[in-house]
Amino acid sequence: MGSPPRRVNVAGLRPLPGGTHWVRVAGTFHVEPPPMTLRLAAVLAAGLMLVPAAQAQTYPSKTVTVVVPFPAGGSTDWLSRLLGQKLEQRLKQPFIVENRAGGANVIAATAVAKAEPDGHTLLMTTSTTMAINVSVFKSLPYDPEKDFAPVGLVSGVPFILVVNAALPVRSIADLVQFAKGKPGGLDYASTGPGSAANLFAVLLKNALGDIAMTPIPYKGNAPGLQDVVAGHVSVMFSDLLSALPLIETGKLRALGVSTSKRSAAAPHIPTLAEAGVRGYDASAWQMIVAPAKTPAAIVGKLNAELHAIVSEEAVNRDINGRGHIAIATPPPAELKTFVRSEIARWGKVVDEAGARGTE
């Protein structure tokens, strides 16, 4: 260990006012404030440490807006309203959902990135918003890592491949035959180049080989499904929550789920791998984020609340029963690492799809 600092009077060093001294530490001179200054600094530092705790105790102090980058009626909207209702019950302030659809999630994400970082504006994001868009867009007006503070990873999202029930398609083999006989190839509903609905379709095209597939753009999952039902577009990859009621009433036909395991919400529907698309396995996810400079104490409070909410047996059962995979969120520090890894993982998928920089 080195010797302790010593107060010294050294020729060439100017005298210091107010009881301040020069001290030498390991041969280097530093300024030592007078004892009263040190005590005052300690008091101020302690006070600053109390500020985040006080912010968390009083949060939320007004209505919290949860921005959803999709139209009302889809799975992301449903989950946002469920969690908002639970947060409202626990935190005693209104949590309202505001739908800002379009622009491949960019419109909503950019607005929240610029919002006041006080925890009263949140964004329900997806893997598209936080990971896929980074590779798809030539220039993205927000940075998922720098502009947002991850709050809670709440759900994994399997997708299901559905077709118009009137089509002569009951299997993957039928789908390939139908696509080859259709002028222009197989048309499918897409909610944006970087959306799960689009990338999952591109992965399917790559897996099936020599078939043509043409994306038909929609602002959200719900209007895309409506057009599949109406026969305006042939097929779509959809979340299970939106598609299952239409499958059960015979308006749509399911060909398979995107994950390697069957969904608890529809165990009778095979996986795409089981249906003949060898090795097919893909899923999306949903995460609540806040503007980047939101106090860590507020982010931590919301994270703890979301962990507790999704851990409730009834909530967990409801999420899983609607075709999602409930996730009791990890802590914020782990979520930052997760986002970084997902940007890299989905970047490879975008490259495989030939979609890098297409927007």
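Name the single residue, out of those in the range 293-327 being at pLDDT 95 or above and small (Gly, Ala, Ser), that is farthest from Thr121 (Cα to Cα). Here the answer is Ala314.
Considering only residues in the range 233-268 that are outside any loop (DSSP other than H, G, I, E, B) and not hydrophobic (A, V, I, L, M, F, W, C), the one that is nearest to Asn198 (Cα to Cα) turns out to be Ser238.
Yes/no matrix, rows are residues, columns are (1) under 20 Å from the mean Cα position of the chain (by Cα); (2) under 22 Å from Ala197 (Cα atoms); (3) modelled with pLDDT under 95:
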{"position": "Val136", "(1), (2), (3)": "yes, yes, yes"}
{"position": "Gly152", "(1), (2), (3)": "yes, no, no"}
{"position": "Leu175", "(1), (2), (3)": "no, yes, no"}
{"position": "Lys180", "(1), (2), (3)": "no, yes, yes"}
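Take the residues in the range 174-210 that are within 29 Å of Gly102 (Cα to Cα) and among the β-branched types (Val, Ile, Thr), then tell me which one is surrounded by the fewest Cβ atoms within 10 Å (Cβ to Cβ). Restricting to residues being within 29 Å of Gly102 (Cα to Cα) and among the β-branched types (Val, Ile, Thr), the top hit is Val202. The helices (runs of 4 or more DSSP H) located wholly in the range 54-136 that include 3 or more residues which are of a type in the set (A, V, I, L, M, F, W, C) occupy 75-91, 106-113. In the set (1) assigned to a helix (DSSP H, G or I); (2) surrounded by fewer than 20 Cβ atoms within 10 Å (Cβ to Cβ); (3) of a type in the set (Ser, Thr, Tyr), the condition left unmet by Ser139 is number (1). Within the range 33-69, the residues that satisfy the criterion of being at pLDDT 70 or above and out of contact with any strand residue (DSSP E or B) (no Cβ under 7 Å at 6 or more places or on another chain) are Ala56, Gln57, Thr58, Tyr59, Pro60, Ser61, Lys62, Pro69. The one condition from (1) closer than 17 Å to Leu241 by Cβ; (2) without any contact (Cβ under 8 Å) to a residue 24 or more places away in the chain that Asn99 does not meet is (2). Restricted to the range 182-220, and to residues there that are charged (D, E, K, R) and over 20 Å from Ile132 (Cα atoms), the residue that is modelled with the highest pLDDT is Asp187.
Suppose the filter is under 25 Å from Arg262 (Cβ atoms) and at pLDDT below 90; does Thr249 pass it? So Thr249 does not fit the description; no. Selection over the range 68-87 of residues that are under 22 Å from Leu240 (Cα atoms) and buried (at least 21 other Cβ atoms within 10 Å of the Cβ) gives a count of 11. Sub-7 Å Cβ pairs linking a first residue in the range 320-347 that is free of Cβ contacts under 8 Å to residues at least 24 places away in the same chain and in the same structural domain as Val151 (by TED's automatic domain parsing) to a second residue that is in a helix (DSSP H, G or I) and of a type outside the set (Ser, Thr, Tyr), at least 6 apart or interchain, are Ala328/His307; Ala328/Val310, ordered by first then second residue. Suppose the filter is farther than 30 Å from Pro267 by Cβ and modelled with pLDDT under 90; does Glu334 pass it? When the stated conditions are applied, Glu334 does not pass them. Against the test of being out of contact with any Asp or Glu (no Cβ under 8 Å at 6 or more places or on another chain), closer than 17 Å to Gly156 by Cα and surrounded by 23 or more Cβ atoms within 10 Å (Cβ to Cβ), the options Ser242, Ser258 yield a single qualifying residue, Ser242. Could you tell me whether the range 254-266 includes any residue that is over 22 Å from Thr126 (Cα atoms), at pLDDT 95 or above, among the aliphatic types (A, V, I, L, M) and out of contact with any helix residue (DSSP H, G or I) (no Cβ under 8 Å at 6 or more places or on another chain)? Within the range 254-266, none of the residues are over 22 Å from Thr126 (Cα atoms), at pLDDT 95 or above, among the aliphatic types (A, V, I, L, M) and out of contact with any helix residue (DSSP H, G or I) (no Cβ under 8 Å at 6 or more places or on another chain).
The values are calculated or read from the model by the stated rules, or taken from the named source; none is laboratory data. Predicted model only: the values in this text are computed from it and were never measured. Positions of Cβ are generated from backbone atoms using ideal geometry, with glycine treated the same way; all protein chains shown enter the neighbour counts.
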